[in-house]
Amino acid sequence: MENQIQNAVKLGRISEEVRSKCKGFSQSDPNSSRRDHDTILQILIDGRNPNSGDVEGCVLPTLVYLAREKRPQHHHNFKAGAMNALIRVSSNISNGQVILNVDCDMYSNNSMAIRDVLCFFMDEEEGQEVAFVQFPQNFENMTKNDLYSNSLRVIYEVEFHGLDGYGGTLYVGSGCFHRRETLCGRKFIKGSKIDMKWEFNGQREESRIHELEENSRSLASCTFEENTQWGKEMGLKYGCPVEDVITGLSIQCRGWKSVYCNPSRKAFLGVAPTTLTQTLVQHKRWTEGNFQILLSKYSPAWYAHGKISFGLQLGYCCYCFWCSNSLATLFYSIVPSLYLLKGISLFPQVWSLWLIPFAYVIVSKYTGSFVEFLGCGGTILGWWNDQRIWLYKRTSSYLFAFIDTILNSLGYSDTAFIITSKVDDEDVSERYKKEVMEFGDSSPMFTVLATLAILNLYCFLGFLNKAISGEGIAEAYEKMPLQILLCGVLVLLNLPLYQALYLRKDKGKLPSSVAFKSMAFAVSACICFQYLYKKKSAIRTLRNCYYP
């Protein structure tokens, strides 16, 4: 199979040998391409036929291959469009009442998960209210200390359980079981009963299967959804990079509830990003999509008001505001360090009573975070990596997502669905196993991160130089304890970045172009700050002369 795929890539088309062997390919246009081809649909195994068994005689379930029609002149709506085509085609072939959505890089790790889901759906007291059951996304390739904090440990082990107590968790895509009717737009009616029985129709003839394929093929055509409610009131919603979250929210606003199921044996395992670029791109898509939901008509701030519980509403808003957190993080990553370089205090001095609220917030926040992380099965170094990625995401992914969303709202850019690549060469995989951070390209996100890292290092070293040669470390620490602490922590968090900029020789280091650009931007920022500060001081002096 691998050789056939590689040959097809080299040729730019499916070879005649492969086309003659595969029924689906033999029916397709030889000039078709990835984004321009007919619907390919084939029932590979008919589960209702008792003769369709494996080598041991066990009857196999129905297996259908579908590649929906794509044309350059028709928007295919990315993953949401593919899901909706699958929902329609499956309703015509098997029409199972429960739909499982699993990403292509994940596999089942717990066969009892289906039984657990059916227990929720068929519960006599509250089962009729459940629209979907969401399992956490877990990964098999995590390093010991979770280098890129991809496990989202606290979210899946703490926060989603909390949301579950307020009427249900979010629909986050992979590992989710749905009632078919809820995905097709059905509203919840209190007291209504949904029958979970499924009738077995027995053996189907070969001619009937062929007819079924022909009838179902039109359901996956480009024009089928025209002048219909698909993508609006039916199926997964279009126009948002996180089609799963906005679809789950709309289902809950129709009166349904959801369930978060997190068994000790993980239900599904997948592959996590193994480079920093992949991680940042993935989080940019997530945060951009959540922020778009906040600004859309489906915003949990007003659309969901009165339709879901207030606690769940706040939970949605919390994730939707991730994007705008970049502005505050950016401010605290730049301004206190620049003022530290000039020897100007922004926070209370060490002996001031006003320092107590700041100290309380810092100690309680990070102590609670540390204990929470360890309680979820993390390590001390894993918590430190989590703080680093927290900083990197908010000063790069979230910042770019915020800018793109604003530009999209003003009509200056279009929404794009960027697939996270998870295929790496052997060198990248080896560095990942050794927990060496992978940079390797000249992404604009890395330029921002490197600029902030160099700026903080320059300010911290400049402060130390002035403190040692001037008033002394003790006196400076008494005046600006929180600024020194903040700038020092930022420098420590950025140690892998300094190594990638100046010390590393492997392919995972940052390119020289990023190093030069970031140094130029950091020095320019310091010069501009000093110029503006001198200008402000001069204006203040003149004003005092005229108005003493």
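Laid out as a table, the results:
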{"item": "Within the chain: Cβ-based charge dipole about Cα centre, in debye rounded to nearest 20 (Lys, Arg +1; Asp, Glu -1)", "result": "2120 debye"}
{"item": "Whether the range 63-196 is rounded, prolate or oblate, judged on the alpha carbon gyration tensor where a/c under 1.5 counts as rounded", "result": "oblate"}
{"item": "Protection proxy ranking of 144-157, 33-46 - average other beta-carbon atoms within 10 Å, highest first", "result": "144-157, 33-46"}
{"item": "Cα-only radius of gyration and Dmax that characterise the range 325-546, units Å", "result": "20.2, 70"}
{"item": "The range 452-514 and the range 285-302: distance between their alpha carbon centers, rounded to Å", "result": "36 Å"}
{"item": "Accessible area of Glu126 in the full protein assembly, 1.4 Å probe (Å², nearest 10)", "result": "120 Å²"}
{"item": "Solvent-accessible surface (1.4 angstrom probe) belonging to Arg254, in square angstrom, nearest 10", "result": "40 Å²"}
{"item": "Three-way shape call for the range 286-350 based on the alpha-carbon gyration tensor, with the a/c threshold at 1.5", "result": "prolate"}
{"item": "Solvent-accessible ranking of Ser409, Ser174, Ser94, largest area first, probe 1.4 Å", "result": "Ser409, Ser94, Ser174"}
{"item": "By average C-beta atoms within 10 angstrom, highest first, the peptides 492-502, 300-310, 163-173", "result": "163-173, 492-502, 300-310"}
{"item": "For the range 143-167 versus the range 31-81, the gap between their alpha-carbon centres in whole angstrom", "result": "34 Å"}
{"item": "Angle in degrees between helix 243-253 and the longest Cα principal axis of the chain, rounded to the nearest 10", "result": "80 degrees"}
{"item": "Accessible surface, per residue, of the chain when the full set of protein chains is kept, probe 1.4 Å, Å²", "result": "53 Å²"}
{"item": "With Cα atoms, 0 to 90° folded angle of helix 512-546 axis to the chain main axis", "result": "50 degrees"}
{"item": "Surface share of carbon and sulfur [accessible, 1.4 angstrom probe, percent] for the chain", "result": "59 percent"}
{"item": "Rounded FRET efficiency, nearest 0.05, which uses the C-beta distance separating Tyr107 from Gln6 and R0 of 25 Å", "result": "0.60"}
{"item": "For Phe139, distant residues with modelled amide H under 5 Å away", "result": "Gly270"}
{"item": "Those lysines that a straight Cα-Cα span of less than 20 Å connects to Lys507, excepting residues fewer than 8 apart in one chain", "result": "Lys422, Lys433, Lys434, Lys517"}
{"item": "On Cα atoms only, tilt of 78-93 relative to the major axis of the chain in degrees", "result": "20 degrees"}
{"item": "Pairwise label distance in nanometres, Leu44 with Leu410, each label 7 Å out on the Cα-Cβ vector", "result": "4.9 nm"}
{"item": "The range 349-410: C-alpha gyration tensor shape, a/c 1.5 cut-off, then a/b vs b/c", "result": "oblate"}
{"item": "Added length on full extension, which subtracts the Cα-Cα distance from 0.36 nm per residue, Glu435 to Glu140", "result": "104.7 nm"}
{"item": "Kirkwood Rh, angstrom, the chain [1 / mean 1/r, Cα pairs]", "result": "27.0 Å"}
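The values are calculated or read from the model by the stated rules, or taken from the named source; none is laboratory data. These figures come from a predicted structure and were not determined experimentally. Cβ: placed from backbone, ideal geometry, glycine included. Neighbour counts: every protein chain shown. Just so you know, the surface numbers come from the protein's heavy atoms only, side chains and all, with ligands and any DNA or RNA stripped out. Shrake-Rupley method; radii C 1.70, N 1.55, O 1.52, S 1.80 Å.
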